[in-house]
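The values are calculated or read from the model by the stated rules, or taken from the named source; none is laboratory data. All figures in this text were calculated on a predicted structure; none of them were measured in a lab. Here the Cβ positions follow ideal geometry from the backbone for every residue, glycine too, while neighbour counts run over all protein chains shown. Areas reflect the complete protein model, heavy atoms only, side chains present, ligands, DNA and RNA absent. Shrake-Rupley method; radii C 1.70, N 1.55, O 1.52, S 1.80 Å.
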Amino acid sequence: MQFSKSTDYALHALIHLAHSEHRRNIGIKELSASLGVSESYLSKIMSKLRRDGIVRAVPGVNGGYELARPAGQITFLEVIHVIEGRQSLFECSTLNSKQHRLLAEERAADRDRDCQGNSECLVKKVMDGAEQHLYQYLREHTIQSVLDEAFKERDPVNKK
């Protein structure tokens, strides 16, 4: 599994906006130069984030982008879903295979002789569990948590 470069740029752009939030909004030129990505590519990413209410566009000559809500309320999972979509990470492609039918029959025989029709993919069950753990981890991390970690590492007094 690999996330796209768009997700990488989106997360870094949000961290940059959050870090600069107390100063001003940031124009697409400055943001793209900071991230080393073209303005047109970054504009498409920022448009997606704007449509989903993560950032807002500030119009005018000195306009740009700013966070639409506090950085502590923007989770990594939310950003990933906006950029990548909400598809499942794993799909079982062998539900009709002989191997899958044999496993289902063995499992049904162990539980109850009447459950022969069970078609649950046991591999998918494991993969779905892993996906839920990943999603929980990404839900727990916010744009602000990254900034907090960066400042903690820079400040020797607050290092643990």
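What the table shows:
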quantity	calculated
Where a label projected 7 Å from the Cα of Q73 along Cα→Cβ would reach, residues of segment 21-63 with amide N under 18 Å	21-22, 49-58
Cα centroid separation, segment 57-97 to segment 1-52 (Å)	12
Debye intensity ratio in log₁₀ form over the Cα atoms of segment 29-81, taken at each q of 0.21 Å⁻¹	-0.85
Surface per residue (accessible, 1.4 Å probe) for segment 1-92, Å²	55
Local electrostatic count at F90 - Lys and Arg +1, Asp and Glu -1, tallied over other residues with Cβ under 12 Å	-1
Debye log10 I(q)/I(0) at q = 0.22 Å⁻¹ for segment 1-98, Cα point scatterers	-1.14
Cross-link pairs K5/K152; K5/K44; K5/K29 - those with Cα-Cα distance over 24 Å	K5/K152
Label-point separation in nm, Q136 to S47, each point 7 Å along Cα→Cβ	3.8
